[in-house]
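One structure is given below, encoded as structure tokens.
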Amino acid sequence: MKVLGFNGSPRKNGNTQTVIEAVLKGAASKGAETRLVNLNELNVKGCQGCDACKKKIGVCVQKDDLSPLLQEMKSADAIVLGTPIYWYHVSSQFKALVDRCYCFYGEDIDPATGEKSLQVWFPHGKKIVVVTSQEAPEVFEPIHTWLNLVAAALNAGSIEFIEHCSSENKRDSARKDGGLLEKAEGMGRELVS
């Protein structure tokens, strides 16, 4: 089993990454192959809206570090998506990843009727864990709804959320929260079962 984690935080070793690593640690303890990707360290371009991916559905034509990772996402059994909440939404690094998943969408035409329908060329049934980190808990609800839509768009078989919330706004507050890390590791173990 392969579990791929994406850290959308620009803060290396910050709260978001700490929780993602705990999920991956739990999965690895059950024998999963895990990988953490820090999006901020990559050369990533935003979606250009060029629609070139509609000629070869599921493949983004951009030549950057994210294009091969989009292909790797398709082969992973589970995906961990992590982002801090900045200004009432996900980080720009995380949003670039989500926007580039547009390459998995296209039209399918029924040969008998000629009727067009939207199709998603992304494997069905992946387990997805979403990690968020924010200072104020009240900002999470609208983002929770949007992140559920993202998971549904990726044909998720299941989605779980882990929310780190700290009024201290300190980069290491997740590391000091044993209950949170235990929950995250447990969720990682469940990904493998």
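The values are calculated or read from the model by the stated rules, or taken from the named source; none is laboratory data. No experiment lies behind these values; they were computed from the predicted model shown. No Cβ is skipped: glycine too gets one built from the backbone with ideal geometry, and neighbour counts run over all protein chains shown. What goes into the accessible areas is simple: the full protein's heavy atoms, side chains included, and nothing from ligands, DNA or RNA. Shrake-Rupley method; radii C 1.70, N 1.55, O 1.52, S 1.80 Å.
Within the stretch 10-24, identify whether any single residue is under 22 Å from residue 104 (Cα atoms) and out of contact with any strand residue (DSSP E or B) (no Cβ under 7 Å at 6 or more places or on another chain), and answer yes or no. No, because not a single residue in the stretch 10-24 is under 22 Å from residue 104 (Cα atoms) and out of contact with any strand residue (DSSP E or B) (no Cβ under 7 Å at 6 or more places or on another chain). Of everything in the stretch 72-127 that is of a type outside the set (D, E, K, R), without any contact (Cβ under 8 Å) to a residue 24 or more places away in the chain and not in a strand (DSSP E or B), the residue that is most open to solvent (accessible area, probe 1.4 Å) is 87. Taking first residues from the stretch 24-44 that are over 17 Å from residue 76 (Cα atoms) and partners that are open to solvent by 80 Å² or more (accessible area, probe 1.4 Å) and outside any helix (DSSP H, G or I), the Cβ contacts under 9 Å between residues at least 6 apart in sequence or on separate chains come to 40/12; 41/12. Scanning the stretch 162-189 for residues that are within 13 Å of residue 23 (Cα to Cα), open to solvent by 40 Å² or more (accessible area, probe 1.4 Å) and touching a strand residue (DSSP E or B) at 6+ places or on another chain (Cβ under 8 Å) turns up 163, 183.
Checked against the criteria, residue 152 counts as open to solvent by less than 70 Å² (accessible area, probe 1.4 Å) and within 13 Å of the chain's Cα centre (by Cα). Picking from residues in the stretch 1-41 that are among the hydrophobic types (A, V, I, L, M, F, W, C) and either under 12 Å from residue 94 (Cβ atoms) or at pLDDT below 95 (or both), the one that is surrounded by the fewest Cβ atoms within 10 Å (Cβ to Cβ) is 37.
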